[in-house]
Structures are given as C-alpha cells and as structure tokens.
Amino acid sequence: LTGEQIKYIPSIGGEPDIMRAFQMMPGVGAGNESRAGISVRGGDFGQNLYILDGTPLFSVNHIGGILSTFDADIVESANLIKGGFPANYGGRLSSVMEVETRNVEDMTRGNLTIGLLDCKLSLGGPLKNKKTSMLFSIRRFMYDLIMYPVSSLFLHDQKIAYTFWDLNFK
C-alpha cells in the first residue's frame with residue numbers, strides 16, 4: 001500500500017491507520033474490534049515482525065491497541081508479507097510488515113492536521129544544496145482534553161488525563 005492509498009481507507013475518527021488497512025486484506029484479521037494489531041492466518045499478534053525504515057519495532061500500538069504507532073502522513077509505502085518471507089527476517093511465524101517513510105528531496109512540504117482524536121504536524125524538505133533531506137513529524141493524542149473536564153464534572157476529586165506523543169525524525 002502507498003501512503004495515499006492508506007489515507008482513503010475508512011478509519012476510526014477519520015484517522016488513517018496502516019493496521020486497519022491491512023486488516024481488510026484476505027487472511028488478515030484483527031482478533032477483536034478494539035485491537036490495532038494484525039493476526040495473519042490465525043497466528044498470534046506476537047508472531048509478526050514490524051519494521052520501520054529498517055528498524056524492528058516491538059510494540060506498534062497505543063492505548064491498548066486502539067491506535068497504531070505509524071503516522072500515515074509520513075508513510076511512503078507499507079508492505080505486508082504474509083508468507084514465504086526471506087530468511088533474513090527470521091524468528092517470526094506469521095508475517096513481516098515493512099513500513100518506509102517518505103523521502104522529501106525535491107521540495108519543502110508541510111502538513112498540519114487537527115482531527116477528532118489527535119493533532120499532527122509534519123515537515124520535510126531538502127537541506128544543504130539538496131544533498132540531504134530531513135523529515136520531522138509529531139503527533140499528539142487529545143483524549144485528555146476531552147476526559148479531563150468530563151472526569152472533573154462527574155468524579156469531583158479525581159481527574160483522568162491520558163495522552164501520548166509520537167515523534168518521528170529522519
């Protein structure tokens with residue numbers, strides 16, 4: 001899947017999600033409705049290998065599996081290998097998911113998104129005579145902005161405030 005294809009797949013709260021996109025493929029399941037992980041041909045969630053720009057990731061979920069770690073705004077491509085993957089990916093039984101982030105070499109690009117679940121900022125462009133480039137992305141989950149006033153209204157002395165940040169730099 002390309003980054004553009006992922007953005008057009010229906011998702012929770014309008015937030016594009018690579019994991020949800022792959023859950024719609026044959027042989028890939030979610031396990032249950034609130035889980036962002038994938039189960040390939042009945043395998044366990046831990047039997048998958050997730051690679052972001054050549055680096056293996058061990059946890060790809062936030063908030064118990066509701067949102068995945070991958071920011072769709074900076075994804076160039078995502079490839080899911082469901083069987084017959086090469087030996088250099090060893091140690092996994094179900095699948096290998098390779099995610100590559102964008103390379104912004106020719107022009108400066110930026111994106112600001114404010115959604116129902118989160119707000120995101122991504123910037124990228126060439127540096128030093130177009131010999132190198134950089135990509136920066138930050139995402140903040142806004143659950144605390146909703147739950148803090150609601151919990152203070154109903155729980156009086158207790159306040160629930162949970163949030164997370166994702167930061168990607170390439």
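The values are calculated or read from the model by the stated rules, or taken from the named source; none is laboratory data. Treat the numbers as computed from the prediction; the structure is a model and nothing was measured. For neighbour counting, all protein chains shown are included, and Cβ atoms are generated from backbone atoms with ideal geometry for every residue, glycine included. All accessible areas refer to the heavy atoms of the entire protein, side chains included, with ligands and DNA or RNA removed. Shrake-Rupley method; radii C 1.70, N 1.55, O 1.52, S 1.80 Å.
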Point to revise | Pairwise FRET efficiency - Met24 versus Ile138, Cβ, R0 = 41 Å, nearest 0.05 | key: 0.90
Check your understanding: Which label belongs to the value computed from this structure, given these candidates for log10 I(q)/I(0) by the Debye sum over Cα atoms at q = 0.10, 0.15, 0.18 Å⁻¹: [x] -0.44, -0.90, -1.17; [y] -0.35, -0.84, -1.27; [z] -0.51, -0.91, -1.20?
Key -> [x]
Practice item. Can you tell me the order of 98-107, 151-160, 72-81, 124-133 when each peptide is scored by its average per-residue count of other Cβ atoms within 10 angstrom, highest first? Key: 72-81, 98-107, 124-133, 151-160
Check your understanding: Under the rule of -39500 (n - 2.57) per DSSP H run of 4 or more residues, summed and divided by the residues of the chain, what mean residue ellipticity at 222 nm is obtained, to the nearest 500 deg cm²/dmol?
Key -> -4000 deg cm²/dmol
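If you stretched the chain out fully between Glu105 and Trp165, how much longer would it get, using 0.36 nm times the residue separation minus the C-alpha to C-alpha distance? List each step's numbers first, then the result.
Numbers: separation 60, 0.36 × 60 = 21.60 nm, distance 2.63 nm.
Residue separation times 0.36 nm, minus the Cα-Cα distance, leaves 19.0 nm.
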Check your understanding: Each label point is 7 Å from the Cα along the Cα-to-Cβ direction; what then is the distance between the points at Glu76 and Leu145, in nm?
Key -> 3.2 nm
Revision key, fill the gap. Placing each pseudo-label 7 Å from Cα in the direction of the beta carbon, Lys130 and Leu1 end up separated by a distance in nanometres of 3.2 nm
Exercise for review: Take the alpha carbon atoms of the stretch 122-170, find their center, do the same for the stretch 66-118, and report the distance between the two centers in whole angstrom.
Suggested key: 18 Å
Check your understanding: Using θ = phi - 60° and the Karplus curve 6.51 cos²θ - 1.76 cosθ + 1.60, what whole-Hz ³J(HN,Hα) does each residue of the stretch 165-170 get, with Gly and Pro shown as x?
Key -> 10, 10, 10, 10, 9, 9
**Study point:** With DNA, RNA and ligands ignored, accessible area of Leu1 (1.4 Å probe; Å², nearest 10)
**Key:** 70 Å²
